Each structure stands twice: as structure tokens, then as C-alpha cells.
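Chemist: Please see the structure below; I have some questions.
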Amino acid sequence: IRDEESGYNKNLFCIPKHYEEDLERVFIPHGLILDRTERLARDIMQDMGSNHIVALCVLKGGYKFFADLLDHIKALNQNGDKSVPITVDFVRIKSYC
């Protein structure tokens, strides 16, 4: 996102009541995030070829993105020409500093 990007008016989205006062604009719509996540899954499958995929999730903040990404990878794995083994693991980081 460029610095001069103004985002989208929050009135174009269904914002939960408890967030309405805290938000001014929406910079990245949820649908765009889902689309980019699916594209990332396709890129991963293409780049990995037939190699084993080891997926590592950093808890707690990355779980939802990780789950969505894995769902797309699994769908591509089931519906594609080849099936690639996938191993999933999780790590927890004590501090982000």
C-alpha cells in the first residue's frame, strides 16, 4: 500500500458495532486478502513442485491466515494433477521485540 493511498470509506463495509468508532477507513478489503492468500497458495504449489511442504505457523497472531492458506493449498493438492505431502507444525514466540 502506497503512503498516499486513502483506502475505502468504512460505510462500504459491514463493520461490527464495537469497531465503528475506532475505524476511519478500510485499506485492504477482506475479499482482496482472501484472493491474495489463494494466489500465494498457488505460487507455493508451483514453486514447491512435487517436494514435501513443511508449513510452520507462528502462534497466536498468524493462525487465521495460516489456516486459510493451508485450506487453499489442500484444495489445490486434492484437485491438482499431483498430490504433495504436507507437514504442519506450530511455534510460539515469547516476544516480538
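What follows is calculated from the coordinates using simple rules that are stated; it is not laboratory data. Because the structure is predicted, anything quoted here is derived from the model rather than measured. Cβ sites come from the backbone with ideal geometry, for glycine too, and all protein chains shown count toward neighbours.
Chemist: Lys/Arg Cβ at +1, Asp/Glu Cβ at -1, dipole of the chain taken about the Cα centre: which of 58, 12, 69 is farthest positive-ward?
Modeler: Of 58, 12, 69, it is 58.
Chemist: Using Cα-Cα distances under 8 Å and only pairs 6 or more residues apart, what relative contact order does the chain have, in percent?
Modeler: Working: 77 pairs, mean separation 27.9, N = 97.
Answer for the chain is 29 percent.
Chemist: Could I ask something else about it? Once amide H atoms are placed 1.01 Å from N in the peptide plane, what residues at a sequence separation of 5 or more from residue 57, or on another chain, have their amide H within under 5 Å of its amide H?
Modeler: Amide H to amide H, under 5 Å and 5 or more residues apart or across chains, residue 57 pairs with 89, 90, 91.
Chemist: Could you tell me which of 30, 83, 44 has its Cα farthest along the dipole of the chain towards the positive end, charges placed at Cβ (Lys, Arg +1; Asp, Glu -1), taken about the Cα centre?
Modeler: Of the listed residues, the answer is 83.
Chemist: How much length is gained if the chain between residue 78 and residue 44 is pulled fully straight, taking 0.36 nm per residue apart and subtracting their Cα-Cα distance, in nm to one decimal?
Modeler: Extra length from residue 78 to residue 44 when fully extended: 10.8 nm.
Chemist: Under a Cβ-only charge scheme (Lys and Arg +1, Asp and Glu -1), can you give me the dipole magnitude of the chain about the Cα centre, in debye to the nearest 20? Provide the component values of the computation, followed by the final result.
Modeler: Numbers: 13 positive and 15 negative charges, 75 e Å.
Magnitude of the dipole: close to 360 debye.
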